[in-house]
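Notes for the one structure printed next.
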Amino acid sequence: MRLTHLPTGAHATVRGVSGNSPDASHATLERLGELGFIPGEPVQLLHRGPGGREPLAVVVGETMFALRWLEADCIEVSPL
């Protein structure tokens, strides 16, 4: 499941990061890994932007980030 499909407030575990769109560059995927979106890390989708879209407020580990839809759609998760 992609992070973008996780219900608001739900907890999950990161399974990996992969390009789900031709617009997702190698640099984007690398940046997500550097931010802590690595396999095994706990993640929670806290809030969605207007209309249920972006930005998405996400906590990975103990750090909160605001992600664009493109970035969040590259993150594979397993719901808890």
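The values are calculated or read from the model by the stated rules, or taken from the named source; none is laboratory data. No experiment lies behind these values; they were computed from the predicted model shown. Positions of Cβ are backbone-derived with ideal geometry, glycine not excepted, and every protein chain shown enters the neighbour counts.
Residues of the range 55-80 that are aliphatic (A, V, I, L, M) and assigned to a strand (DSSP E or B): L56, A57, V58, V59, V60, M64, A66, L67, I75, V77. When the range 1-18 is limited to residues that are in a loop (DSSP other than H, G, I, E, B) and hydrophobic (A, V, I, L, M, F, W, C), the one that is surrounded by the fewest Cβ atoms within 10 Å (Cβ to Cβ) turns out to be M1.
Of all residues in the range 19-29, none satisfies being surrounded by 13 or more Cβ atoms within 10 Å (Cβ to Cβ), outside any helix (DSSP H, G or I) and charged (D, E, K, R).
For the range 34-80, the set of residues classified as within 12 Å of T4 (Cβ to Cβ) and exposed (fewer than 13 other Cβ atoms within 10 Å of the Cβ) consists of G52, R53, listed by residue number.
At pLDDT below 95 and either of a type in the set (G, A, S) or out of contact with any Lys or Arg (no Cβ under 9 Å at 6 or more places or on another chain) (or both): is that true of A57 in this structure? Give the derivation first.
Details: at pLDDT below 95: no; either of a type in the set (G, A, S) or out of contact with any Lys or Arg (no Cβ under 9 Å at 6 or more places or on another chain) (or both): yes.
So A57 does not fit the description; no.
If you filter the range 30-40 down to residues that are part of a loop (DSSP other than H, G, I, E, B) and over 11 Å from the mean Cα position of the chain (by Cα), you find that the one that is nearest to E76 (Cα to Cα) is P39.
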